[in-house]
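Data block below; observations after.
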Amino acid sequence: MHGEDSTNKDQRQNRQEYLHHIYNRGMANLVLVYGMRLLPADEIEEMGEAIIKLKNGREARVTMHVLEGSKRAIESQLQTSVESFFDLYPEI
């Protein structure tokens, strides 16, 4: 478990350094990558990350999220999630 904590810390540090580089280039045109699909809640067995291939040869990973409930509940959770996501990036 200690190794996982260290790995997560390293990944966060690398992400912060990468974002600092991106956002200090004169505010690049940004892209928000997301996907949506409605499925019956009891049909999902497993979910993984989505992988994005970057022009520089690197890969970026997108963590998939699940929102469950009524249409109204899902819309509310999604709005809260989007707002929280942008709170993670105060520099933009």
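Each value in this text was obtained by applying a stated rule to the coordinates, not by laboratory testing. Predicted model, so just to flag it, every value in this text is computed and none were measured. When we count neighbours, we look across all protein chains shown, and the Cβ atoms used for this are built from the backbone with ideal geometry, even at glycine.
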Completion exercise
Summing +1 per Lys or Arg and -1 per Asp or Glu among the other residues with Cβ less than 14 Å from residue 52's Cβ gives +3
Fill in the blank from the handout: Computed ³J(HN,Hα) along the stretch 41-54: with the Karplus parameters 6.51/-1.76/1.60, θ = phi - 60°, integer Hz and x for glycine or proline, the list is 4, 7, 9, 7, 9, 8, 9, x, 7, 9, 10, 10, 8, 9
Problem - Distance (nanometres) between label positions extended 7 Å along Cα→Cβ at residue 54 and residue 34 - result: 2.2
